[in-house]
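K.L.:
Here it is, the structure, as structure tokens.
Since every read-out is calculated from the coordinates, none of them should be taken as a lab result. All of these numbers come straight from a predicted model, not from anything done at the bench. With ideal geometry, Cβ positions are generated from the backbone for all residues, glycine too; neighbour counts draw on all protein chains shown.
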Amino acid sequence: MESRSSQSAKARISLLWVGTWAGLHVLDADGRSLAHYRIADGLPGPIVWDIHRHSDGSLWLATNGGLTRVIDPEAITALKFESLSNRAGFPRG
């Protein structure tokens, strides 16, 4: 499966968060993979279109399955995700 990079965001100087057609990848400064997250790991969709680091430090992902907040971005190898949906006040459609 082709894995094209769709978006990336630097969380800290030494980490690179990369969204692809095959999930979310966390890389170190040398490009080595520290973690790879897919639907089986809690992502709401396999494609990560955009990554945004908010000024409060939270990390947000736009996936083909919806908007998701990374609960603790510092827990690189054990990330948990909170998916937002119409239950959080977003309209259907």
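K.L.:
Please list 3J(HN,Hα) in residue order for segment 28-40, calculated via the Karplus relation 6.51 cos²θ - 1.76 cosθ + 1.60 where θ = phi - 60°; whole Hz, with x for glycine and proline.
P.N.:
Values per residue, Gly and Pro as x: 8, 4, 8, x, 7, 6, 9, 6, 9, 10, 10, 4, 4 Hz.
K.L.:
Would you mind checking which residues have amide H under 5 Å from Thr20's amide H? H placed 1.01 Å from N; only 5 or more apart, or other chain.
P.N.:
Close amide H contacts, sequence-distant or interchain: Ser6, His25, Val48.
K.L.:
For Ala78, what charge total do you get from the other residues with a beta carbon under 12 Å from its beta carbon, if Lys and Arg give +1 and Asp and Glu give -1? Walk me through the numbers on the way to the answer.
P.N.:
Values: positive: Lys80; negative: Asp41, Asp72, Glu74.
Once positives and negatives cancel, what remains is -2.
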